[in-house]
Structure formats: C-alpha cells, structure tokens
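Below you'll find the structure, written out as structure tokens, and then a few comments.
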Amino acid sequence: MGALNHLMATEHLGPDGVHERCERCTGVTIHEVRVEIRTESTAEENAQFSREPYRVSVCRECGSESVLRMNDA
C-alpha cells in the first residue's frame, strides 16, 4: 500500500519532472520519472522471459534513485 501511495502522491510537471517526496532530502523535490524494462534473470537462456517493467524516479536535488517493480500486486 505504501508504494501505491508513493505513486499517487505525485504532481506532474510535464516534461520537466514531477514533485515527489524524497527520503534522502526529507521533503518534496522535483524528480525525473521513467519506466524501464529490466531483465531479472541472470541465466541467458531465460533472460527473454524475465523482463519486467520498473518505475524509476531520480531526485534532481540529491540524485537518489527509487525503483518500484510495477507488476507486483
């Protein structure tokens, strides 16, 4: 539930970023947010079946990065 609240507590700023809470800065800062497809398996023969979408948010103030696997229910 905490991850869902984190996603919902954003203010979209268009191409410039979004306002989100940064744990390191202990306040709301501007973040760059993107979705990445990441491979979870280290075995080459299974890599094509282990790709998952991740939401990646990077604070513009301190550079800290938070990653959230989007397919977790």
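The numbers here are math on the coordinates, done by the rules we state, and not lab data. These numbers were taken from a predicted model, which means no experiment stands behind them. Note that each Cβ is placed from the backbone with ideal geometry, even for glycine, and that neighbours are counted across all protein chains shown.
Assorted remarks:
- Note on Asp72 and Arg34: with the Förster distance fixed at 22 Å, the Cβ-Cβ geometry gives a FRET efficiency of about 0.75.
- Fewest-first ordering of Thr29, Thr42 by other beta carbons within 10 Å of each residue's beta carbon gives Thr42, Thr29.
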